[in-house]
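Report on the following structure.
We did not get these values from a lab; they are worked out from the coordinates using the rules stated. Everything quoted here is computed from the prediction, not taken from an experiment. A quick note on method: Cβ atoms are made from the backbone with ideal geometry, for glycine too, and the neighbour counts reach across all protein chains shown.
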Amino acid sequence: MKLVRERKGQFIIIAALLISIMILSISTIIYGTVTYFRQERWEEYVTIVDSVKTGSTNLLEISLARYSQTSNSTILRDYLNQWIRDVRKAYPGFGVDLGYTLASGVQSAYGLSLNYNLGLARTWNQTVSFSAANATFTIDIASVGLTGYSFSAHAFLKMNIRDAVWYSRASKQYVLIYVSVEKEALDPVINLQKSNFADVKLNGVSQSFSFRRYYSTTYGSFVYELRVNSVTSLPSSVEATLLDTRSIKTVSRSTTIRQDTS
Amino acid sequence: MKRRGIVKNPKGQMRVIEAIMAALIVVSAIVFLYAFAATPSGQTYEAGELEKIGHNILHDIDEQRLLSRFVYNGEWANLTAALIVSVPNDVYFNLTVYDVNGNSIGHPLIQYGSSQTFVSSKAVASVTYILSGYQSIYNPRVLVLKLVRV
């Protein structure tokens with residue numbers, strides 16, 4: 001009878017039960033929190049975002065290359081619309097939705113004024129010439145609840161005729177054209193070959209030329225030296241056409257040609 | 001007398017029994033948690049790690065502007081070599097290139113390791129990577145890289 005009526009001892013059992021419930025509850029919450037990110041297949045989503053991001057940036061370069069060669073000003077928009085459909089097809093079941101906004105109007109960048117139309121801009125036949133593309137993308141992945149991941153992509157190629165000199169020596173008469181080439185972030189392009197210079201013209205007439213590249217202390221940059229031999233008179237204009245390794249084209253032209261008789 | 005008193009004191013015995021029961025309850029709770037904790041299997045972790053490796057390799061090669069060149073110029077031997085030098089020694093791979101409609105474009109076998117390994121292994125990771133084109137030509141390709149650790 002005494003055993004049944006003892007109430008003090010029950011406290012330990014009740015306390016143990018409460019502690020057990022606490023352990024179970026807290027552990028469940030902590031476990032769920034800690035393992036949530038581990039059990040999700042994040043690599044797959046990261047792969048999709050990275051792949052689409054890199055592909056979109058490449059597409060911008062492809063479009064700019066196409067635009068600079070064909071002057072088709074809607075090419076970037078057309079390619080992007082196709083790209084959005086193809087990305088959905090490539091990742092079925094993920095709910096990948098790619099959106100884009102093309103740059104428009106005048107924008108200052110790279111020390112230049114770029115007048116974008118449908119994400120594309122170019123200024124050719126100047127001493128400093130360029131081709132540029134600019135777009136902002138957003139990626140949504142419905143299956144994982146990712147929305148509004150945004151990034152910008154740029155493609156840019158600039159060629160600058162640093163100097164053009166006609167050497168009118170008695171023994172040899174030739175023209176040297178010094179050009180520098182830069183891409184996005186104004187990084188100098190230093191891996192071009194002679195074949196990348198599709199055309200060199202004097203007075204609007206194509207010429208055969210030789211090619212050298214080196215770092216010039218005179219201009220404080222990496223330069224390409226284009227030499228046209230047997231030039232008997234001072235040309236009124238020099239022109240160089242460049243197709244870089246991405247096939248992006250730009251054409252520079254200068255009417256300022258120095259004469260060197262020394 | 002004292003000894004008899006201890007043995008016969010039912011209050012003291014009950015304390016011991018209660019303490020044992022309490023301990024049992026707490027231990028049961030912990031055992032229950034351990035038994036029902038659905039930890040991801042080793043295979044899940046392994047596939048995740050391999051996916052990470054595969055994605056990093058493809059992304060690195062693409063960042064160097066080599067992936068598009070290899071795929072669009074059909075430089076399959078170069079692509080295979082680039083993948084072999086990039087994957088860890090104990091990882092085998094198989095790469096298939098498709099168009100966006102899921103049709104294989106018909107390239108030579110791009111593989112390192114025996115085909116049997118991919119059939120028999122329980123943890124085969126698969127990475128899908130899309131390329132938009134090359135130079136001035138838009139022509140998307142979907143690369144599916146399968147990886148397995150031996």
* Okay, which of segment A:126-166 sit inside 11 Å, backbone N to the point 7 Å along the Cα-Cβ direction of B:Ser86? -> none
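Over all residues in B:22-28, what is the mean tally of Cβ atoms on other chains that come within 10 Å of each residue's Cβ?
5
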* Structure fact -> Compactness check, the protein assembly as shown: C-alpha Rg relative to the 2.2 N^0.38 Å globular estimate gives 1.60
* **In Hz, Karplus ³J(HN,Hα) per residue of segment A:127-144 (6.51, -1.76, 1.60; θ = phi - 60°; x = Gly, Pro)** => 4, 10, 10, 7, 10, 8, 9, 8, 8, 10, 10, 10, 10, 10, 10, 4, 5, 10
* To do: Assign unit charges at the C-beta atoms only (+1 for Lys and Arg, -1 for Asp and Glu), then state the dipole size of the protein assembly as shown relative to its Cα centre in Debye, rounded to the nearest 20.
  => 1800
* Cα axis of helix B:10-36 to longest principal axis of chain B: angle in degrees, 0 to 90, nearest 10? -> 10
* Hey, if you drop one equal point scatterer on each alpha-carbon of segment A:147-208 and run the Debye formula without solvent, what base-10 log of I(q)/I(0) do you get at q = 0.15, 0.23 Å⁻¹? -> -0.66, -1.10
* State, as an integer percentage, the relative contact order of chain A based on alpha-carbon contacts under 8 Å between residues 6 or more apart. => 17
* Find, among the trypsin sites (Lys or Arg not before Pro) in segment B:76-150, those assigned to loop by DSSP (not H, G, I, E, B) with at most 11 other beta-carbon atoms within 10 angstrom. => B:Lys122
* Structure fact -> Taking every alpha carbon pair in segment A:79-143 and sorting the distances into 5 angstrom bins from 0 up to the bin holding the longest one, the percent per bin comes out as 4, 15, 22, 16, 12, 11, 9, 7, 3, 1, 0
* Asked: Counting other C-beta atoms within 10 Å, which of B:Trp76, A:Trp83 has the fewest, and how do the rest follow?
  -> B:Trp76, A:Trp83
* Backbone N under 19 Å from the A:Trp124 label point (7 Å along Cα→Cβ), restricted to segment A:74-114 -> A:74-77, A:113-114
* Of chain A, which part is the longest with no trypsin sites (Lys or Arg not before Pro) in a loop (DSSP not H, G, I, E, B) and with at most 10 other C-beta atoms within 10 angstrom? -> A:9-168
* Asked: Around B:Ile130, which amide H atoms from residues at least 5 apart in sequence, or from another chain, sit under 5 Å from its own amide H, with H modelled in the peptide plane?
  -> B:Leu143
* **Cβ-Cβ FRET estimate between A:Leu18 and A:Tyr149, R0 fixed at 45 Å, reported to 0.05** => 0.50
* Computed [θ] at 222 nm, helices only, for chain B once each DSSP H run of length n ≥ 4 contributes -39500 (n - 2.57) -> -16500 deg cm²/dmol
* Using the Kirkwood formula over every pair of different C-alpha atoms, what hydrodynamic radius in Å results for segment B:42-149? -> 14.1
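Which value, in debye to the nearest 20, gives the size of the charge dipole of chain B about its Cα centre, when Lys and Arg are +1 and Asp and Glu are -1 at the Cβ?
Approximately 1660 debye in magnitude.
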* **Gained length - A:Ser230 relative to A:Gln173, 0.36 nm times residue gap less alpha-carbon distance** => 20.0 nm
* Which of A:Asp97, A:Asp244 has the fewest Cβ neighbours within 10 Å, and the rest in rising order -> A:Asp97, A:Asp244
* Would you order B:Glu63, A:Glu182, B:Glu49 from fewest to most other beta-carbon atoms within 10 Å of each residue's own beta-carbon? => B:Glu63, B:Glu49, A:Glu182
* Structure fact -> With the dipole of segment A:159-260 defined by +1 on each Lys or Arg Cβ and -1 on each Asp or Glu Cβ, the option from A:Ser216, A:Ser236, A:Thr250 whose Cα lies farthest towards the positive pole is A:Ser236
* What list of whole percents do you get for P(r) of segment A:161-262, with Cα-Cα distances grouped in 10 Å bins up to the one holding the largest distance? -> 15, 50, 30, 5, 0
* To do: Evaluate E = 1/(1 + (r/R0)^6) for A:Lys194 and A:Ser25, where r is the Cβ-Cβ distance and R0 equals 45 Å; express this FRET efficiency to the nearest 0.05.
  => 0.05
* Taking H as built 1.01 Å from N, whose amide H comes closer than 5 Å to the amide H of B:Asn139, not counting residues under 5 places away? -> B:Gly133, B:Tyr134
* Rounded tilt (10° steps) of A:75-90 against the dominant C-alpha axis of chain A -> 30
* Asked: Using the Karplus equation 6.51 cos²θ - 1.76 cosθ + 1.60 (θ = phi - 60°), what ³J(HN,Hα) coupling, rounded to whole Hz, does each residue of segment A:48-64 give in order, writing x for Gly and Pro?
  -> 4, 4, 5, 5, 5, 5, 5, x, 5, 5, 4, 5, 4, 5, 4, 5, 5
* Asked: Given only helices, namely DSSP H runs of n ≥ 4 each adding -39500 (n - 2.57), what is the per-residue ellipticity at 222 nm of chain A, to the nearest 500 deg cm²/dmol?
  -> -10500 deg cm²/dmol
* Structure fact -> In whole Hz, the Karplus estimates of ³J(HN,Hα) for segment A:230-236 (6.51, -1.76, 1.60; θ = phi - 60°; x where Gly or Pro) are 6, 9, 8, 9, 5, x, 7
* To do: With r as the distance between the Cβ atoms of B:Arg69 and B:Leu33 and R0 = 51 Å, compute the FRET efficiency 1/(1 + (r/R0)^6) and round to 0.05.
  => 0.40
* Out of A:Ile139, A:Ile75, A:Gly55, whose Cα points farthest toward the positive end of the dipole of segment A:42-156 (charges: +1 Lys, Arg; -1 Asp, Glu; placed on Cβ)? -> A:Ile75
* Among B:Thr96, B:Ser120, B:Val148, flag the residue with its Cα farthest along the positive direction of the charge dipole of segment B:25-150, charges on Cβ as +1 for Lys/Arg and -1 for Asp/Glu. => B:Ser120
